[in-house]
Amino acid sequence: MLEVKEIHSYYGTSHILFGISFGVKEGEAVCLLGRNGAGKTTTFRSIIGLTPPKSGSIQFRGKEIIGKPPYRIAQMGIGYVPDTRRIFPDLTVRQNILVARREHKGAIWDLDRIYSLFPKLQSLETHMGTQLSGGEQQMLTVARTLMTNPELLLLDEPGEGLAPLVIKTMEQQLGEIKKLGLTMLICEHNVGLAINLSDRAYVMDKGMIHFQGTIDELKKHEEVRKKYLMV
Amino acid sequence: MSFDVLFSQFMSGIARGALLFLVASGLSLTFGVLRVLNFAHGSLYMLGAFLSYSIWKFLLMPVLGFYLAAVIAALIMGGVGMIIEFGLLRRLYARGWPEQLLATYAIILIITDLVKWAWGGEFLSIPRPRPFTGAVFLFGFPFPSYNFFIIILGLGLVVFLWWLVYKTRLGDIIRAAAQDREMVSALGIPIPWLFTWIFVLGAAIAGLSGAVTAPFGSVALGMDIEIIIECFAVVVIGGMGSLPGTLLGAFIVGQVYAFGILFKPELALAFIFMVMAVVLIIRPWGIFGRPER
Ligand SMILES: Nc1ncnc2c1ncn2[C@@H]1O[C@H](COP(=O)(O)OP(=O)(O)OP(=O)(O)O)[C@@H](O)[C@H]1O
Ligand SMILES: [Mg+2]
């Protein structure tokens, strides 16, 4: 479904990604692990088109997407959930959800479905985006992206900065979404939520991929975990 | 100072404020969403005024002619706005302020020369349209009823923009994009089209405002710079990109001007900028504005 080949991405003149390659198949959940500054967020920004790679190729469903503006990439079926959540502060919770609504054939997400997955958001409907706790904001940012009815969901550190109990809830909710058949790419620096949800893992450091394999294989490779993940 | 003088200055300040709101609202909306300060906004206003004059002359219709000319001029200016956004501005969003300033300044020069070439340097004017030819009496004092037309139009625009920005899905997108256009784009919303239509709307409002000033005084070269200076004062005082801020700013500038003229006509503009300076010292981002992130 997603095929990333040898991408090199930059912020201005600083070279961040050095030939990253990986793939995600339909229906899979894949995690991208690596410590702070490894280049995970940059990889996601490269995919959605916010930081387009200078070279390499990214194919989504067989079509090249490098060079397309972010809104086109999103319309093709990629949903991006940013690490800093980026809730629109002047919009209510309900408006934050509805502003992203995009209907097309095969669309499964509407307000009712969002509210049954995240009941908390319904009770906060009329609150402004800024009046939410961290966990509520995280639910809202996921809900907002789901309203675009994506086929591939990019989740950047969905558990970052949340209390352990809230992380568990988020993990359950993401599990439900996965069961609906959504393909997921999750990145994280502390191995937890992502690894529980995923089928396969890539480990990256300093803008390069250093390991790929199933979750079981990753669990066996203690030296990879020690060297790149500090666990 | 007698009550009738004060009251009449107050009312003329209200009318002036309404006109300033008409023009400044487009400027503020474009800035709020596109983050481009369009110095040529006053030129769109001027071109709208000249266009409506010619359309009015061409139509030769007794009552409806004026209103029809104003609407047509607004539509044409919307089209001009589309050409400007598509041909020039969208290349400049990623650039810095100096380039944006130069480019919009170039538009000012182009429109000025265009107007000189097409209409010459004369003062043009349209008589007040019916039913706003006479006077209205308030507390026994007469006021030109055309002023009330401008005030009603200004209030109408306030309601329309409020509805658009706060009550529609497009308004949700506008407010979201004003804060985080990158995220809006990542949600699949075509930002380039949004920007084009916002600019078209701003240009059409500028054109309409120009058209309705024709019966006020004179349509002439230089009206562009005159209005844009006061509009900047309005949006700086009220807060760039804020609708209630633009309304309050227009009210304040209108009043300061009206009473400034009463005390020292030569300094009316200076008074406006003194108020602006005070606001800038106390609240650099304007009364309803927000500090830049
Ligand atoms: N806007 C930017 N300009 C310049 N350098 C940047 C920018 N954003 C990130 N970087 C650098 O790029 C590198 C990779 O950053 P990135 O955010 O992709 O890492 P990450 O793996 O997502 O880390 P984290 O776990 O902290 O989120 C880091 O060295 C960072 O300092
Ligand atoms: Mg990151």
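Please specify each residue of region A:1-36 satisfying the condition of being touching a residue at least 24 places away in the same chain (Cβ under 8 Å), closer than 14 Å to A:Lys206 by Cβ and out of contact with any helix residue (DSSP H, G or I) (no Cβ under 8 Å at 6 or more places or on another chain).
Those that are touching a residue at least 24 places away in the same chain (Cβ under 8 Å), closer than 14 Å to A:Lys206 by Cβ and out of contact with any helix residue (DSSP H, G or I) (no Cβ under 8 Å at 6 or more places or on another chain): A:His8, A:His15, A:Phe18, A:Gly19, A:Asn36.
Just for region A:193-214: of the residues that are free of Cβ contacts under 8 Å to residues at least 60 places away in the same chain and either buried (at least 17 other Cβ atoms within 10 Å of the Cβ) or closer than 17 Å to A:Glu28 by Cβ (or both), which one is nearest to the chain's Cα centre (by Cα)? So that I can check it myself, show each step before the final result.
Looking only at region A:193-214, we keep the residues that are free of Cβ contacts under 8 Å to residues at least 60 places away in the same chain, and these are A:193, A:196, A:210-211, A:213-214.
If we keep only those that are either buried (at least 17 other Cβ atoms within 10 Å of the Cβ) or closer than 17 Å to A:Glu28 by Cβ (or both) as well, we get A:193, A:196, A:211, A:213-214.
Working: A:Leu193: 12, A:Asn196: 15, A:Phe211: 19, A:Gly213: 19, A:Thr214: 19 Å.
Step by step, filter region A:193-214, then rank; the result is A:Leu193.
Among A:Tyr71, A:Tyr80, which is away from ligand 1 (no atom under 16 Å from the Cβ) and either assigned to a helix (DSSP H, G or I) or within 14 Å of another protein chain (Cβ to nearest Cβ) (or both)? Break it down stepwise before answering.
On the way: A:Tyr80 fails: away from ligand 1 (no atom under 16 Å from the Cβ).
One residue alone meets the criteria, A:Tyr71.
Which of the residues spanning region A:28-55 are in a loop (DSSP other than H, G, I, E, B) and either among the small types (Gly, Ala, Ser) or near ligand 2 (Cβ under 9 Å from one of its atoms) (or both)? Before the answer, list the steps.
Initially, region A:28-55 is screened for residues in a loop (DSSP other than H, G, I, E, B), giving A:28, A:34-39, A:49-54.
Result: A:Gly34, A:Asn36, A:Gly37, A:Ala38, A:Gly39, A:Gly49.
Could you tell me which of the residues A:Ile108, A:Ile58 is surrounded by fewer than 17 Cβ atoms within 10 Å (Cβ to Cβ), more than 16 Å from ligand 2 (Cβ to nearest atom) and in contact (Cβ under 8 Å) with a residue 40 or more places away in the chain?
On the way: A:Ile58 fails: surrounded by fewer than 17 Cβ atoms within 10 Å (Cβ to Cβ).
Exactly one residue qualifies, and that residue is A:Ile108.
So that you can scan it fast, the table gives a plain yes or no per residue for (1) assigned to a helix (DSSP H, G or I); (2) away from chain A (no Cβ under 14 Å); (3) on the phi > 0 side of the Ramachandran plot; (4) at pLDDT below 95:
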{"position": "B:Phe148", "(1), (2), (3), (4)": "yes, yes, no, yes"}
{"position": "B:Arg175", "(1), (2), (3), (4)": "yes, no, no, yes"}
{"position": "B:Met183", "(1), (2), (3), (4)": "yes, no, no, no"}
{"position": "B:Phe216", "(1), (2), (3), (4)": "no, yes, no, yes"}
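Among the listed residues A:Glu188, A:Glu157, identify the single one that is touching a His at 6+ places or on another chain (Cβ under 8 Å), away from every other protein chain (no Cβ under 14 Å) and within 16 Å of ligand 1 (Cβ to nearest atom).
Details: A:Glu188 fails: touching a His at 6+ places or on another chain (Cβ under 8 Å).
Selected residue: A:Glu157, the only one of A:Glu188, A:Glu157 that is touching a His at 6+ places or on another chain (Cβ under 8 Å), away from every other protein chain (no Cβ under 14 Å) and within 16 Å of ligand 1 (Cβ to nearest atom).
Of the residues that sit in region A:56-68 and are part of a loop (DSSP other than H, G, I, E, B) and either under 21 Å from B:Pro192 (Cα atoms) or in contact with a helix residue (DSSP H, G or I) (Cβ under 7 Å, 6 or more places away or on another chain) (or both), which one is nearest to the other protein chains (Cβ to nearest Cβ)? First the steps, then the outcome.
Of all residues in region A:56-68, those part of a loop (DSSP other than H, G, I, E, B) come to A:61-62, A:65-68.
Subset that is either under 21 Å from B:Pro192 (Cα atoms) or in contact with a helix residue (DSSP H, G or I) (Cβ under 7 Å, 6 or more places away or on another chain) (or both): A:65-68.
Values: A:Ile65: 13, A:Ile66: 16, A:Gly67: 15, A:Lys68: 11 Å.
This residue is A:Lys68.
Do the conditions hold for A:Pro52, that is, is it surrounded by 21 or more Cβ atoms within 10 Å (Cβ to Cβ), more than 8 Å from ligand 1 (Cβ to nearest atom) and not aliphatic (A, V, I, L, M)? First the steps, then the outcome.
Numbers: surrounded by 21 or more Cβ atoms within 10 Å (Cβ to Cβ): no; more than 8 Å from ligand 1 (Cβ to nearest atom): yes; not aliphatic (A, V, I, L, M): yes.
It is false that A:Pro52 is surrounded by 21 or more Cβ atoms within 10 Å (Cβ to Cβ), more than 8 Å from ligand 1 (Cβ to nearest atom) and not aliphatic (A, V, I, L, M).
The values are calculated or read from the model by the stated rules, or taken from the named source; none is laboratory data. Because the structure is a prediction, the values reported are computed rather than measured. Quick reminder, even Gly has a Cβ in these numbers, built from the backbone with ideal geometry, and neighbours come from all protein chains shown.
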